[in-house]
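Notes to accompany the following structure.
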Amino acid sequence: MNRISLIGCAIVLSGLPGFATSAMAAGDQDAIIRRLDKLEQENSRLEQENAALKSRVNRVDSRGGTATRSAPQAAGPQYADPAPPPPPPGPQPNIALKAPVEYIKACSMYGAGFYTVPGTDACIKIGGYIRLQGTFNGSGEGTVNGADNMAGQGRNNRFDSSNINYDARAVVSADVRAPTSIGLLRGYMRLGAEMDTPIGSSWMTTLAQPVQSNAPFVFWDRGYVQFAGFTVGKQRSFFDIYAASDGYLTYGNLRTTGDTDLTGVIMAAFTYNWGGGFSSSLSVEDPNGHYKVGVANMNSAAFGLGTLTVDNAFQSGSTTNQGMGVPDIIANLRVDQSWGYAGISGALHQVAAGYFTAPPGAGALCGITPCSAFGHPPVKFGGAVAVGGDVYVPTGPGDTFGVNAVFSDGAVDFANKGNRWQLYSGGSAGFAWGVDGVFDNVGSDGSIQLTRAWSVNSGYEHHWNDQWKTSLYGGFAAVNYDGAATGIINQHLSATPGRVAGAAPVCGVPNEGVVQPPLNMTGAGNSCSPNYSFWQVGTRTQYSPTAWLDLGVDTTYTRLNTAYRGSNVFLGANGAQPGGLYSIDDQNVWTVMARAQFKFLPGN
Amino acid sequence: MNRIGLIYGAVVLAALPGFAVTAKAASDQDEIIRRLDRLEQAHARLEQENAALRTKLNRVDGGARSAPQAAGPQYDDPRQPYIAVKAPVQYVRACSMYGAGFYTVPGTDACIKIGGYIRLQGGTGGSGEGTVNGADNMAAQGRNTRFDTSLVNYDARAVMSADVRVPTSLGMLRGYMRFGAEMDTPIGSKWMTTLPQPAQSNAPFLLWDRGYVQFAGFTVGKQRSFFDLFAASDGYLTYGNLRTTGDTDLTGVILAAFTFNAGNGFSASVSAEDPNGHYKVGVGDLNSAAMTPLGVIVPSNGYVSGALNQGMGVPDIIANLRVDQSWGYAGISGALHQVAGDYYTGVSAAGSGVGCIGIPCTAFGHPSDKFGGAAAFGGNVYVPTGPGDTLGVNLVYSQGAVDFATKGNTWQLYKGKTAGFGWGFDGVYDNVTPNCPVAGGCPSSIQLTKAWSINAGFEHHWSDQWKTSAYGGFAAVRYNQLATNLINQHLPSPPAGGTACGMPVEGIIQPPIGVGSGLGNSCNPSYSFFQVGSRTQYSPTPWLDLGVDATYTRLYSAYKGLGNPTALAVVNGVSLPASGAQPSGLYSITNQNEWMVLARAQINFLPGK
């Protein structure tokens, strides 16, 4: 560009007869002439630029320093070099030559941050947030040590457990709304980059996470389209009603709730609006969308120390993929009004296993791997129901009180996320395993015994003023195996390490097949029950000096009421925890989280 | 703007009848000189006026912004239907006070800039993003065989950035993020993203190097370490990922910092940072496979820090003092860095702990935690060789914090029957040393490693469009005598029960280099290396960078020399096991050279930083 105009100048200059003459006459005039040339150009440019600046100043002055820009002279984005690129050679049908200058309009009817996409009716809002959270005794994103993917860190030693973990995120959202003949069409997405320690602690991203240190991974919790009552894409489950989650009341990822707010679920839903704030929704959802575990074949290595290996049909919930047999069917009824909201919901959830790993008799056909020749347990359907809500309370402006109760049968993950636990403390340890159901065709009839789980959660928040608020939250969850399921599990317990089938009965049940869970005991003095429960309570105080910034601290106390409580249980080596005799007992964890977050209109 | 002005200038010049006449009539230069004077004066006046107008415009615009319009983020309340309010038409305003690209977020005081870049870089002798063959995650490619080594690698990126600024009662609140998609070959060559990379070929992965918020002096999020002062990095002076510096510019570090501004460009910062944020390796338990096989380093860090995880015991504590002025900047910085091992894998006396056989186990105990640290001095100043020319230098000294001084923690370079190696730990330890012949010389405590580096870079701008840099650095990693003893007692030495480098052979064989008794070998795990290079870049517009970079790397190998692994008096070489396609056999361990050439094309659309 510059080069072209300089050449142009040179041509003009050389066309001046006098210039050529004097330049020839006095060679040292060249420098002066060049300087003159440069000054002429620069002064012209400055004159032009100053004129433009003056007109801009006048314009701005004329509106009296107010922001109401009613005239189209408001300048659009000014880039470093507003000159358009030179037209490419050849036909250029799309080049808008001599088009009138147009400006980008704000789209205030949808709220702050929306502007009109140029040349269309659509409005768009770009938002997002940047977060750093540090956690003591939990993962960066707030899962307590010992639970689920934090089971390894629940060993509580310097080989297996970090003192401090963090979660850092940079997240961008886009909210696009277009008026169409079928009403408002809306798309919303929220995605970004995340580093969450320890690696693998975040369920949503477990398998996607790199194993090498300091690698970021993709964070994606929302991406859906809404039109004519439909919601399609990734959104919080329509089963979920109320939970302390994602910075609302807590910075933690509570295990006492099965809420999918933190991750979203792939779904296709239709909502009918009855008016008056009442609505009903019917939703088809990814059955792996909740903290899916599934069903356990007790004749495989399903229950390990801190591990849980499921045996689902149709690749569902497996470690390699998450397809499904049939989707979850969710229905709900909600009322959203000025006092808050309340709702009830129900879910239908398929519980299906792969193949048996052995025939009831003997079958050399497939060794001990799952095999289509061995057959499989019949498919069952589990389900869950919930009631909950969140209402404003008169303790102060904006104060809220909410509660949520869930009962499930064969759908453990709708009630809680605490599907496995492993917590060591000196010579005692606590464990738990939660699956939708268990089965074993060796020594049992092979049908799936569904597990019952229920939970209740509640939260309250008081706003001290516009900038400070403090919450109280808590939840309790219980997972209960029935007598048949307990019998199936207990027949795999072992009295001695390295036991072979036919050894002495444990917990009154003859030994059978694979040893699991690997708790070696006689059963005397032991609860002999795989049932467990746990509760979490905490408080979060947040300071938001502006609406754009959140700074706060959250403390959570977790108590696990362990499965198989009792003393003198031999455990094998586990991470850096040596093998030996342990007392299986209830365990406690204190978790403390601190967060700083900058939010720029992230939306929802 | 310039183009229009220049054309306009040319037109004006041509249209000036007096100019031609005057020049023609007066061969005396006085008239021209007078004219020059007038123009100079006019120029000064116009420039002054220009500056004043800009100031005024900013002020008036700023006043407009503080008017009481909708303030703060207004979140979507799912309880409320979207109501279309009849509002007067408003336009999106530019936000020029923060520079090009910013516009005001409608209905708020905030300004946002969306930017980014698209890059393709290709080269030979290194990874796509510029790590030289042989170093760190490129150690395998350092074998220099057609089985292990690509001739050409590339790094392709599409990166977006967002810069958001909000005036608040706390002052300016700013958020900045930069992330995108990347394909970098060879897979796994990049530390930050080593295995985040999908195992499937041609799968892209996430690049994320910045994401931080700044308010009231605080900086929180992912940002370059406050320890780092000057480095040739990320397209500044070089396209390479130099190993002679521990700078974290290329990846960012999770940190929480506070900066006190003392005025006049002086500032002091204190920062708590992820100890894995530098090219973290950590400590080596020599009673585990810490330095074997060749080209590999496996740390045994406490608190799951480092290797397979990113939790920590305590964060690094960084402090710095900087001055940023019109001549450039300079600073000093210091770091405190925890060096913690996990559990011993055995006990010095015979027997293993109950339930622990050769694995780290709480029953064996652990070395006591130590603290390492690093200090740096550096800066970058404008030099009078031309407008925009700069000269920078950076010096780092560290103990127990190798990665603050260098990223070259693993080296493996083969050439013919010669090879060079390097292993860099923050420290090493070994509690199983029953045969140690050195009185008090084989402690079980962590022996901290010393490392230092110096880097410098100069760039000359030939014109607005062309520039050429010259850069170089030197880094050295030094084990003390006790650490050397600990490592050497693990060297292989046939026959069994023999000695290597004067140490009786003990436990796991590592590094697996058979030096025999050590005759003819330096018997020294210390190593050093330097890298020098030059990059020339052509930017036809500020939006586009095209350039070529060439780097020469020289490794001064650990355990340089020959050996007598066959127990013959004749010094005949060092016995190496097979490494990739390099066969086992006798090699001479010598210093090695590597040339790396990189070419890059990149569009920058206001990516910010």
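Bear in mind that the values in this text are calculations on the coordinates, not laboratory data. What you are looking at is a predicted structure, and each value in this text was computed from that prediction instead of being measured. Every residue, glycine among them, receives a Cβ derived from its backbone with ideal geometry; neighbour counts consider all protein chains shown.
At-a-glance table
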| quantity | calculated |
| --- | --- |
| Hull shadow area, averaged, region A:275-413 [alpha-carbon convex hull, nm²] | 11.5 nm² |
| Residue B:368/residue B:347 FRET efficiency (R0 25 Å; Cβ-Cβ; nearest 0.05) | 0.95 |
| Sequence of B:505, B:270 once ranked by neighbouring C-beta atoms within 10 Å, starting from the fewest | B:270, B:505 |
| Hz values of 3J(HN,Hα) by residue in region A:251-259 - Karplus curve (6.51, -1.76, 1.60), Gly and Pro given as x | 9, x, 10, 5, 8, 6, 10, x, 4 |
| Pairwise centroid distance, computed over Cα atoms, of region A:140-178 with region A:244-261, Å | 13 Å |
| Along each principal axis, Cα extent of region B:457-586, largest first, Å | 68, 33, 25 |
| Peptides ranked, highest mean first, by Cβ atoms within 10 Å: ranges A:298-310, B:134-146, B:556-568 | B:134-146, A:298-310, B:556-568 |
| Amide proton proximity set for residue A:429, modelled H, under 5 Å, gap of 5+ | A:583, A:584, A:585 |
| FRET efficiency for residue A:581 and residue A:315, using Cβ-Cβ distance with R0 set to 51 Å, rounded to 0.05 | 0.80 |
| Charge context of residue A:549, other residues only, Cβ under 12 angstrom, K/R +1, D/E -1 | +3 |
| Per-q log10 I(q)/I(0), region B:220-298, q = 0.14 Å⁻¹ (Debye; single scatterer per alpha-carbon; no solvent) | -0.64 |
| Assigned charges on the beta-carbon of Lys, Arg, Asp, Glu; region A:292-437 dipole about Cα centre (debye) | 280 debye |
| Two-site label geometry, residue B:40 and residue B:468: point separation in nm, points 7 Å out along Cα→Cβ | 3.3 nm |
| Full-stretch length increase - residue B:601, residue B:48 - with 0.36 nm per residue and alpha-carbon distance subtracted | 195.2 nm |
| Per residue convex hull volume, Cα atoms of region A:342-483, in Å³ | 174 Å³ |
| Average other protein chain Cβ within 10 Å of Cβ, residues B:134-143 | 0 |
| 5 angstrom amide H check on residue A:549, placed H, neighbours 5+ away | A:599 |
| Shielding by other protein chains, A:588-600, mean Cβ within 10 Å | 3 |
| Which of B:274, A:436 has the fewest Cβ neighbours within 10 Å, and the rest in rising order | B:274, A:436 |
| Amide H partners (placed H, <5 Å) of residue B:518, local residues excluded | B:501, B:564 |
| Longest to shortest principal axis, alpha-carbon extents of region B:320-414, angstrom | 70, 39, 16 |
| Inter-chain Cβ neighbour average for residues B:102-114, partner chain, 10 Å | 6 |
| Sequence of A:105, A:125 once ranked by neighbouring C-beta atoms within 10 Å, starting from the fewest | A:105, A:125 |
| Residue A:393 versus residue A:273: modelled label distance in nm, points set 7 Å from Cα along the beta carbon direction | 3.1 nm |
